1. Nearest 500 deg cm²/dmol is fine: what mean residue ellipticity at 222 nm does chain A get from its DSSP H runs of n ≥ 4 alone, each adding -39,500 (n - 2.57), divided by its residue count?
2. Using the Karplus curve 6.51 cos²θ - 1.76 cosθ + 1.60 with θ = phi - 60°, work out ³J(HN,Hα) for each residue of the stretch B:34-43 in order, rounded to whole Hz, and write x for Gly and Pro.
3. How high is the relative contact order of chain A, given as a whole-number percent (alpha carbon pairs under 8 Å, six or more residues apart)?
4. Please compute the average number of Cβ atoms from other chains found within 10 Å of each residue's Cβ in peptide A:98-111.
5. Be a star and scan the stretch A:81-106 for residues whose amide nitrogen sits under 14 Å from the point 7 Å along the Cα-to-Cβ vector of A:D74.
6. For peptide A:157-170, compute the average count of partner chain beta-carbon atoms within 10 Å of each residue's beta-carbon.
7. Mind listing the long-range amide H neighbours of A:Q41? Cut-off is under 5 Å, sequence gap 5 or more, other chains count too, H placed in the peptide plane at 1.01 Å from N.
8. Apply the Karplus curve 6.51 cos²θ - 1.76 cosθ + 1.60, θ = phi - 60°, to the phi angles in the stretch A:180-188 and return the couplings in whole Hz, x for Gly and Pro.
Amino acid sequence: MSNVANASTVTTVAAPKPQLVIDKVFKRFGDGPGAVVAVDQVSFDVRPGEFVAVIGPSGCGKSTLFNIIGGLLDDYSGDVLCEGDRVAGPHPAIGMVFQEESTFPWRNVLDNVAFPLELRGVGKAERLERAHHFIDLVGLGGFEKRMPSELSGGMRQRVSIARTLVSQPHILLMDEPFAALDEQTRLLLGDKITQIQQDLKQTTLLITHNLTEAVQLSDRIVVMTYRPGRVKRTVSIDLPRPRTSDVVSSAAFGKYVAEIWADLREEASRGMADAEGRTRGAAPRG
Amino acid sequence: MARAASPLMTRGLPIAVGAASVIGVFGLLEALLRLGVVNRYIVPLPSDVLLSLERIIVEENVLARMRETAYEVVMSGLFTILVGVPIGAALYRWRPLRRALEDWVAALAAAPLVLAFPLFLVMFGRSSTTVIVMSVITGLAPMILKTTEGFVATRPVLINVGKSLKMTDSQMFWKILFPSALPLIFTGIRLSWTFVLISVVGIEFLINLGGLGQLINDLAERYDLPGTYAAICFVILVSVVFFVALERLETWLQPSR
């Protein structure tokens, strides 16, 4: 059923040239005995139109990887190549969606979504037209004049996604965009993301710790180890497309979840034990 | 089963209780004065104070004095914004400067600057300039501190959005940092203008010049106790209206909050 490859194995499947290459990326925070290696020799790639998820327990360096790929952290070793360019700062081909709610509270939905075009000096008529298009695409038509404070968490996150998509990035990079949402909203937004990704043939890299979300949305899943974050294995998800949230009730879906969880459980347990150890060490002695 | 309170109850009741409390306190004071428990040569009858309100408005030219006080308040307030916001932004931008100066600015907010009025009289003479300069200094500290706080409180994710869009420093400031800091800058404006109003009236009283503060001083020197207290009540009323107006303005200017 699944096509599981070892981390060290180079994929040789006849496929288009990767759009995003992460090659032996290494990042350490601090020096000396207190130094923490966040990601260690991480390598994988994303091909055009592909949806890849990076999954791992808390503390596996997912967000560090997100920041490196997005160009927000540039002092790393190894290479992140976006369409052949080494990423050393935000790359115009990469659009980022953040985990935290990131709409501008002082702008209405339309102005939020049109913001990147405003920065580029796109004329008002054109930018509003394009903003309207992407607002409709994320299913927020009719809410253009609403302020973010009048929207639910899921709607605000859709505004952020529309704001990123309006720049028509070649690669959509998302860091746990649904982390703050309830499970039902998460599944429904997953449908919306799948539909957009399929409609736009959007190359997407999703960073997540949510197993069902990763399997529901992805073509491939990169499983990370707990600290230091390394690629444990890559799993190809061979579920039919177009896909909807109904897929979560299928037997194949359940098998993928169980299979990946078997790997993740070990890493999550290490993470939990580490956190407990640190808490014990920090606790006052009574 | 509990029923939802009507708008009249939720909005009207607190106002009614507040008004009743004020009337109750004045009623009690009136009774204590009439019974001789409190000396009438020190505290006038609230009813006399109430009757004097009309007299001071008509005979003491209160509206012209109010205009003078308003001019000094607006000038001082505008200067606190013009000077305070850039200083607050600079303290945010240069962290060593913030570390060096933030405590001093906070100390400035706590200092009884009004006591330095002789120094300012020497520098600027007995004029509106003295009132304005002293009031600007009084209102500056909350303006600076709240502005810095506003910039510091900008959510890192919004800054990351700006970075991901490759915004220039100037775009980052005007399109993200400044709008994000605006709510606290408005709080700073409200606080500093309130400080400014208190300072203007206080200094007018001290140097016996200009608007409402001087009126209180004049009436006190004439030993017109009901008039003095009526003028004080008038200033309190103006302050309340001023404060409420600033709050409304703040809400109106920021419909998203």
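The values are calculated or read from the model by the stated rules, or taken from the named source; none is laboratory data. If you're wondering where the values come from, they're calculated on a predicted model, not measured in any experiment. Neighbour counts are summed over all protein chains in view; Cβ atoms, including those assigned to glycine, are modelled from backbone coordinates with ideal geometry. These accessible areas exclude ligands, DNA and RNA; they are computed on the full protein's heavy atoms, side chains included. Shrake-Rupley method; radii C 1.70, N 1.55, O 1.52, S 1.80 Å.
1. -11500 deg cm²/dmol, from helical runs alone.
2. Karplus-based 3J(HN,Hα) across the stretch B:34-43 equals 5, 7, x, 6, 10, 6, 5, 7, 9, 10 Hz.
3. It rounds to 26 percent for chain A.
4. Numbers: counts 6, 1, 6, 3, 7, 3, 7, 8, 11, 3, 2, 0, 0, 0.
Whole-number average of other-chain Cβ neighbours for A:98-111 is 4.
5. Answer for the stretch A:81-106: A:86-92.
6. On the way: counts 0, 0, 0, 2, 0, 0, 2, 3, 0, 0, 2, 0, 1, 0.
That works out to 1 on average.
7. Answer set, sorted by chain and number: A:V25, A:F26, A:K27.
8. So the J values, rounded to whole Hz, are 8, 9, 6, 4, 5, 4, 4, 5, 5.
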